[in-house]
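Report on one structure; see the data block that follows.
We did not get these values from a lab; they are worked out from the coordinates using the rules stated. Quick caveat: nothing in here was measured; it's all calculated off a predicted structure. Using ideal geometry, Cβ is built from the backbone for each residue, glycine included, and neighbour counts are taken over all protein chains shown.
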Ligand SMILES: Nc1nc2c(ncn2[C@@H]2O[C@H](COP(=O)(O)OP(=O)(O)OP(=O)(O)O)[C@@H](O)[C@H]2O)c(=O)[nH]1
Ligand SMILES: [Mg+2]
């Protein structure tokens, strides 16, 4: 490796030198990217993690497994939100989100439209005999809220326009997609790759294609590309986005044709995503958590579940140690990578191991090996475990206040298969999933946020850097 890529090798030497120097100066930085498909629970995860770490800094045992990994909760002297300094990334606005979650009428955060960053400073006593002499250590935890839609552009990087068109047209042919995309498909039937490369046509096709993607997202589908069509991000809409799949796209479109115009844009889009949103952003983050709403996907039915499974499988493949991200971004593979099924408070305790096992099955070998882990978590636990009577028998259930209702109800969500389900599961009673009102919190979530398994996940993901 050193001789094959001397520049990368030198960079890694310098970086490891800087890390050692950081430690000597009692300063370390951990960079954690919180990723996952849309509505997976990324923003709630970040708010809860920060509120619980801040509470831990006030000597509250909000994250017991992480405290054990550190050695002793007392070693964590202080946790504060770090000033944003001269960061070039937008700031993750914690206060309004906390205010809404911890308000009198607790409300979940809004949909995220932008990548954003926040950093915490953790001051820890050093472990060991010389701790007093060495003085406290300061760890900066930099956290990135990364729009889920953009992750699915990663698998696109390995594909040309003609292949992408073929694949996308094949998925649009699925009955569930074809219905939502009907207007786009009807319009597309009158368009040929050999038509003149007309800007107005490109723009119209893109608008219809984007509307189809938005409708599909609302139906629980997750394999939706390109990401910036759904979520243009802070740079807003730009001509580079105006492309869509063509059924007759060829590998060598004639210059001046619509096929050539769209293929050029597709290529320019991927270069732009790679250079602007992946390099210098995702690759700066040495730890990554991928959140997956497995339960929501089970509830949305077979087509939506298979779609989520496909998306997660592709992302996991990209993130494998020998995956596309490693090849693309060189040294910048995350050292620690965790996959988590979110909203685990929707199912009773006895079902949560099956939820983690199902996610492990979807992720495959990207989750095995050192620094890799799989979890079932609830970043904000909105329910309690209970039991309901069914035909004389007691069945484990959860109770919470459904969104839009005033009172608490008990709820048996149904069976969670420990592996990717087959036809028998889909023929059985549907998996029930209902939104719950967030739990009531103390003002500013000063006492932390109730959760399930967030502490174990953080112990695996960042615990080593705090121990
Ligand atoms: N019960 C429960 N619901 C959760 C939890 N985490 C997230 N949710 C629900 O999932 C929804 C989406 O959570 P967000 O954190 O906003 O998801 P996101 O991944 O940031 O979504 P986008 O920004 O739209 O991609 C919330 O509005 C809640 O309804 C949890 O731990 N428990
Ligand atoms: Mg969000």
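Compactness of the chain is given as radius of gyration and Dmax, 23.6, 77 Å, from Cα positions. Estimated translational diffusion coefficient (Stokes-Einstein, Kirkwood radius over Cα pairs, 20 °C, 1.002 mPa s) of the stretch 159-278: 149 µm² per second. Summarised as an ellipsoid, the stretch 115-213 has semi-axes of 53, 14, 13 Å, derived from the eigenvalues of the Cα gyration tensor scaled by 5 and square-rooted, with the largest first. Counted over the chain, the DSSP beta bridges are approximately 50% antiparallel.
Across the stretch 192-259, the volume of the C-alpha convex hull divided among the residues equals 98 Å³ per residue. With contacts taken as Cα pairs under 8 Å at a separation of at least 6 residues, the stretch 384-427 carries a relative contact order of 27 percent. Compute the whole-percent fraction of alpha carbon pairs in the stretch 384-427 spaced more than 13 Å apart. Cα-Cα pairs of the stretch 384-427 separated by over 13 Å account for 65 percent. Ellipsoid fit via the Cα gyration tensor, the stretch 332-451: semi-axes of 27, 23, 11 Å, each the root of five times an eigenvalue, largest first.
Simple spin-label model, 7 Å along Cα-to-Cβ: residue 214 to residue 60 in nm? My value for the distance between the label points is 3.9 nm. Can you give me the C-alpha center-to-center distance between the stretch 400-451 and the stretch 47-81, rounded to a whole angstrom? Taking the Cα centre of each part, the stretch 400-451 and the stretch 47-81 sit 27 Å apart. Here the contact order of the chain, divided by its residue count and restricted to Cα pairs under 8 Å and six or more residues apart, works out to 20 percent. Treating each Cα of the stretch 232-277 as an identical point scatterer and summing with the Debye formula, the log10 of I(q)/I(0) at q = 0.14, 0.32 Å⁻¹ comes to -0.36, -1.20. If the segment from residue 415 to residue 86 were pulled out straight at 0.36 nm per residue, it would be longer than the present Cα-Cα gap by 113.5 nm. Estimated at 0.36 nm per residue, the fully extended path between residue 335 and residue 110 surpasses their Cα-Cα distance by 77.9 nm. Counted over the stretch 232-335 with a bin width of 10 Å, the fraction of Cα pairs per bin, in whole percents, is 12, 28, 35, 23, 2. Each residue in 161, 146 was given a count of other beta-carbon atoms within 10 angstrom of its own, and listing them fewest first yields 146, 161. Using R0 = 22 Å, the C-beta based FRET efficiency linking residue 446 and residue 95 works out to 0.95.
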